[in-house]
Amino acid sequence: MSESSVPLPFRVIAALGLVVLLLPVVIVVLSGLNAGEYLTFPPQGLSLRWVRAFLTSPTFMPAYGFSFTLAFGATLISTVLGTMASVFLTRSTSRWTGTLRGIFMLPIVLPGLVLGLALYVFYATTDLGLSRSLTGLLIGHVLVTCPFVIATVSAALVGFDLSLEEAARSLGATALGAFLRITLPIIAPAISAGSIFAFIISFGQFDVNLFLSIPNLQPLPLAMYASLRYAFEPTAAAAGIFAIALVALSTIATSRLVSFKRMFGA
Amino acid sequence: MTESIKPPSYSRRQALKLGTGAAVSLPLFNINHAWSADVTYDGGTFDAGGATLNVAEWGGFWQDLVRKLMLDDFEKQFNCKVAYDSAFPWFPKFVANPKDKPPFAVVNWNYPEMFKTAKAGDFFMPLDEVMANVPNSKNVWPFATANKVGITWAYARYCYAYRTDMAAPPPTKFADFWDARYAGKRGTYITSNTLQMDFFLAACKVFGKDQYDLDAGYDAMKRASPLKISDFTGNMQALLERGEVAIAVQDDGEAYLQAKKGIKVAALVWDEVKPILTQTMTVSRYTDPVQKKLSLAFLNRTLDAGFLNKFTEAFNYAPVTKDAVIPATLAEFGIKNTADAVSGFTIPDWNSYLEHEDDIVETVNQIFGSH
């Protein structure tokens with residue numbers, strides 16, 4: 001469909017939607033470049049002082065690195081588990097599939113605070129050594145990110161033509177080989193989209209962090225909250241600039257990676 | 001009594017391994033007694049053998065400063081690791097954990113949540129026991145322990161921060177906040193902020209019979225509306241700086257800090273009622289002996305004049321020990337560390353507030369939202 005064939009009202013609505021989506025990003029960027037003492041908008045002049053403050057901060061840089069590592073780990077696990085779960089959910093004929101799908105999606109439905117608190121209580125009372133541990137925090141992040149992978153990969157698998165896999169099997173491929181060489185490249189864009197969602201959700205996660213965060217290692221959202229609570233400096237917005245940049249870069253990098261895969265596949 | 005508390009070294013599974021419940025119940029009771037009372041600390045350093053001390057305090061710049069001024073040295077001197085957790089709130093974490101495994105050994109609080117937690121269970125070491133084992137606590141002003149739960153180590157007075165170039169003449173008394181010259185230019189906080197809680201209770205007392213006269217407080221909030229509502233004091237500073245509010249509830253340290261920066265802001269410290277914004281520490285009752293001893297050492301170090309002088313200077317808080325020095329920024333505005341200067345501070349009946357908190361929050365939010 002050419003652009004001119006899209007009705008004008010739709011284009012106007014789409015443009016408005018784009019503005020609404022981009023406006024917070026613009027405000028964060030400009031606030032982070034504020035020359036004034038406080039996190040205000042419009043900025044009182046432009047300056048890199050808060051960007052420098054972020055880059056030299058003993059709080060923000062470790063928090064940024066920790067959030068990145070945590071999100072990366074959670075994304076890897078969620079992508080593998082979520083893809084496996086999606087394959088099962090879309091191909092299983094069990095009558096429990098619907099119930100299982102509901103359970104898998106529960107973390108999206110539950111308010112994050114409730115999930116965080118529930119996990120905290122579970123860790124604290126079961127004495128499994130997960131309370132205030134990196135493993136416990138990672139499990140929390142996997143729980144909240146996995147449904148996003150499942151949702152996107154399942155959508156791709158629902159319309160998947162199984163005869164392609166069957167053809168590979170008939171030519172001697174094993175079940176795993178057929179999946180890896182036929183199915184996986186086809187659903188790679190969906191896996192990529194799901195993993196991007198997972199990364200973004202994990203990197204910006206606040207609710208689960210609030211209850212499961214570990215001593216001496218503060219994730220970025222909590223560091224930003226603490227900064228706003230006690231100083232209200234634009235350093236938090238400067239951290240936001242780097243968070244936005246990271247998400248944008250990871251999106252671009254992942255989409256490039258998927259394109260390469262397609263290229264190699266072709 | 002501590003009869004229901006088990007020592008942390010005996011989990012249920014371990015207890016079953018040891019034999020029947022009857023066989024272990026007597027030793028457990030004795031150990032409980034020992035753990036609840038027998039840890040002593042004399043103010044010196046000791047080797048904690050690499051133990052971890054779980055501390056809950058505020059994050060951000062606060063954490064950086066505590067780390068720099070105290071934690072690194074503390075860890076070296078006591079051969080321990082301080083696990084610093086700044087993910088507030090602490091209350092649900094105390095309640096969610098088994099009583100014999102408190103999430104934190106030392107916690108820094110503002111009053112409301114501390115009282116709420118104290119009310120929910122006997123999580124904290126009794127104050128007289130703490131004071132008996134924290135030598136530096138002998139040196140604090142009486143108001144620092146008047147709350148009977150923890151030891152306050154730093155404080156700020158509540159005040160109005162007002163713009164000196166807007167709506168003259170300047171305020172001279174608590175009730176001036178309601179004067180017509182500030183209409184539409186008043187600022188306070190969301191109902192979960194301690195400053196708003198104290199402001200509300202102060203209004204109850206000034207305009208009503210006492211702090212329990214909630215109707216007087218509601219009426220005062222109505223008369224002050226419309227109000228600019230902030231989440232944090234930092235945001236209120238920004239509103240003051242931009243002139244979006246001409247008068248706002250604030251703590252005096254932050255008001256003086258703004259004035260010092262050349263912003264046209266001054267403070268009117270409340271004198272009709274004298275609530276204070278406090279930093280108060282508690283020591284958890286049911287931690288293992290090493291962690292408890294470290295907790296007492298940590299609190300003792302917090303009350304040390306060397307730490308207090310540097311910390312309060314950075315945050316513009318006033319220290320609570322008689323030998324501490326008032327930060328230069330506060331001294332410049334006439335704040336003194338004398339018996340007269342700290343007399344008459346009031347601690348609202350927080351237990352009563354917490355009992356009525358749901359009603360207060362709902363009603364005040366309705367008032368704030370209706371303008």
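The values are calculated or read from the model by the stated rules, or taken from the named source; none is laboratory data. Note that the structure is a prediction, hence the values are computed from the model and not measured. Note that we place each Cβ from the backbone using ideal geometry, even for glycine, and neighbour counts take in every protein chain shown.
Points worth noting:
- Looking across region B:97-122, the residues that are modelled with pLDDT under 90 and either part of a helix (DSSP H, G or I) or more than 10 Å from every other protein chain (Cβ to nearest Cβ) (or both) come down to B:Lys99, B:Asp100.
- Pairs linking a residue in region B:72-97 that is assigned by TED's automatic domain parsing to the domain that holds B:Ser295 to a residue that is part of a helix (DSSP H, G or I) and of a type in the set (Asp, Glu), with Cβ atoms under 8 Å and 6 or more positions apart or on different chains, are B:Lys81/B:Glu75; B:Val82/B:Glu75; B:Pro89/B:Glu113; B:Trp90/B:Glu113; B:Phe91/B:Glu113.
- Tally of residues being out of contact with any Ser or Thr (no Cβ under 8 Å at 6 or more places or on another chain) and within 7 Å of chain B (Cβ to nearest Cβ) across region A:218-231: 4
- Among (1) farther than 15 Å from A:Ala243 by Cα; (2) at pLDDT 90 or above, the one test that A:Phe68 misses: (1)
- Flag for B:Lys310 being of a type in the set (Lys, Arg), farther than 23 Å from B:Met114 by Cβ and within 19 Å of the chain's Cα centre (by Cα): yes
- Answer from A:Leu220, A:Leu210, A:Leu184 - the residue that is at pLDDT 90 or above and more than 24 Å from B:Val55 (Cβ to Cβ): A:Leu184
- Evaluation of A:Thr93 against (1) within 14 Å of another protein chain (Cβ to nearest Cβ); (2) closer than 24 Å to A:Val149 by Cβ (one fails), failing number: (1)
- If the condition is being within 14 Å of another protein chain (Cβ to nearest Cβ) and of a type in the set (Ser, Thr, Tyr), then region B:211-263 contributes B:Ser230, B:Thr233.
- So A:Leu130, is it of a type outside the set (Val, Ile, Thr), surrounded by 15 or more Cβ atoms within 10 Å (Cβ to Cβ) and under 25 Å from A:Leu184 (Cβ atoms): no
- Cβ-Cβ contacts under 8 Å between residues 6 or more apart (or on different chains), taken from a first residue in region B:36-61 that is away from every other protein chain (no Cβ under 14 Å) and over 30 Å from A:Thr235 (Cβ atoms) to a second residue that is surrounded by 13 or more Cβ atoms within 10 Å (Cβ to Cβ) and among the hydroxyl-bearing types (Ser, Thr, Tyr), are listed as B:Ser36/B:Thr2; B:Ser36/B:Tyr286.
- Complete set of residues in region A:88-124 that are outside any helix (DSSP H, G or I), among the hydrophobic types (A, V, I, L, M, F, W, C) and within 19 Å of A:Asn209 (Cβ to Cβ): A:Leu110
- Residue, nearest to the other protein chains (Cβ to nearest Cβ), within region A:24-41, restricted to residues that are surrounded by fewer than 16 Cβ atoms within 10 Å (Cβ to Cβ) and part of a loop (DSSP other than H, G, I, E, B): A:Phe41
- Single condition B:Asp358 does not satisfy, out of (1) outside any helix (DSSP H, G or I); (2) at negative phi; (3) without any contact (Cβ under 8 Å) to a residue 12 or more places away in the chain: (1)
- Verdict on A:Ala237 being more than 14 Å from every other protein chain (Cβ to nearest Cβ), closer than 27 Å to A:Gly45 by Cβ and touching a residue at least 60 places away in the same chain (Cβ under 8 Å): no
- Among (1) among the β-branched types (Val, Ile, Thr); (2) touching a residue at least 40 places away in the same chain (Cβ under 8 Å); (3) farther than 30 Å from A:Phe160 by Cα, the one test that A:Thr75 misses: (3)
- Residue match in region B:283-300 (condition: surrounded by fewer than 18 Cβ atoms within 10 Å (Cβ to Cβ), in the same structural domain as B:Asp73 (by TED's automatic domain parsing) and within 18 Å of B:Val140 (Cβ to Cβ)): no
- Restricting region B:68-93 to residues that are at the interface with chain A (Cβ under 10 Å from one of its Cβ atoms) and under 19 Å from the mean Cα position of the chain (by Cα) leaves a set whose member that is farthest from A:Asp207 (Cα to Cα) is B:Tyr84.
- Region A:100-118 residues that are within 14 Å of chain B (Cβ to nearest Cβ) and closer than 10 Å to A:Val144 by Cα, paired with ones that are outside any helix (DSSP H, G or I) and not small (Gly, Ala, Ser) (beta carbon under 8 Å, 6 or more apart): A:Gly112/A:Gln205; A:Gly112/A:Phe206
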